[in-house]
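Report on the structure given below.
The values are calculated or read from the model by the stated rules, or taken from the named source; none is laboratory data. None of the values given here were measured: they were computed from a predicted structure. Neighbour counts run over all protein chains shown; Cβ positions are idealised from the backbone, glycine included.
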Amino acid sequence: MIKRALYIGIIIFLSSCNDENPLPSGHTGTALAQKNGASWVAKMKFLESQPYGKGFDILMDVYNDQGFHREQIFIFRVQNHFNEQAIFLTSAQTDNDSTGVFYSTSIDDGDVGGDYYDLDIATSNNVIQILNYNPQNAEISGVFNLNLSLSFDDNFGEEPPEKLEFSDGKFTVKVEKGWFD
């Protein structure tokens with residue numbers, strides 16, 4: 001749990017580093033979904049998979065009106081093919097090719113970890129699929145569905161829901177040129 005909290009904290013810190021403008025740089029895409037039935041929109045970032053170098057990682061970040069980080073979906077080890085990929089893992093600290101996910105919230109001015117959610121392994125509709133690659137724009141688009149269970153309540157503010165469902169997810173994000181060539 002401590003390793004995961006540290007790993008999540010580093011991701012939040014790196015994705016929210018800034019100078020004068022609290023909105024981060026490096027976001028090159030957008031994700032849309034239904035989060036427990038309500039519209040959800042996030043900024044997206046493509047990353048090379050670390051530390052094992054298998055596939056690539058996607059960050060989906062949500063910011064409030066003041067520009068402070070509030071939510072993050074981290075999908076790791078996405079493979080560069082067009083087949084549907086089942087999401088199995090909740091820990092990125094495993095050296096295998098399986099795709100995984102976790103979700104976290106941020107509190108205060110966006111640099112303090114909040115609630116954490118892991119993959120709900122009791123459900124089977126946890127998937128991501130790349131549907132298109134545009135080589136001229138170096139951009140991928142695809143779909144995703146996620147079912148998550150609360151694994152840590154920060155006991156700050158309102159009580160978080162026990163379950164989160166992200167359905168009808170769609171995304172488009174720029175990738176490194178040649179990633180799919």
Yes/no for Asp115 being of a type outside the set (Phe, Trp, Tyr), surrounded by 18 or more Cβ atoms within 10 Å (Cβ to Cβ) and farther than 20 Å from Lys45 by Cα:
yes
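Select from the range 17-44 the residues that are at pLDDT below 70 and among the charged types (D, E, K, R) and write down the one among them that is surrounded by the fewest Cβ atoms within 10 Å (Cβ to Cβ).
Narrowing the range 17-44 to residues at pLDDT below 70: 17-25.
With the extra rule that they be among the charged types (D, E, K, R), the set shrinks to 19-20.
Values: Asp19: 6, Glu20: 4.
So the residue we want is Glu20.
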Considering the range 150-169, residues that are of a type in the set (Gly, Ala, Ser) and either at pLDDT 95 or above or not in a strand (DSSP E or B) (or both), and then whichever is surrounded by the most Cβ atoms within 10 Å (Cβ to Cβ), we arrive at Gly169
Checking Leu47 against (1) assigned to a strand (DSSP E or B); (2) modelled with pLDDT of 90 or more, only one condition comes out false. Which one?
(2)
Does Phe88 fit the bill of being at pLDDT below 90 and touching a Gly at 6+ places or on another chain (Cβ under 8 Å)?
yes
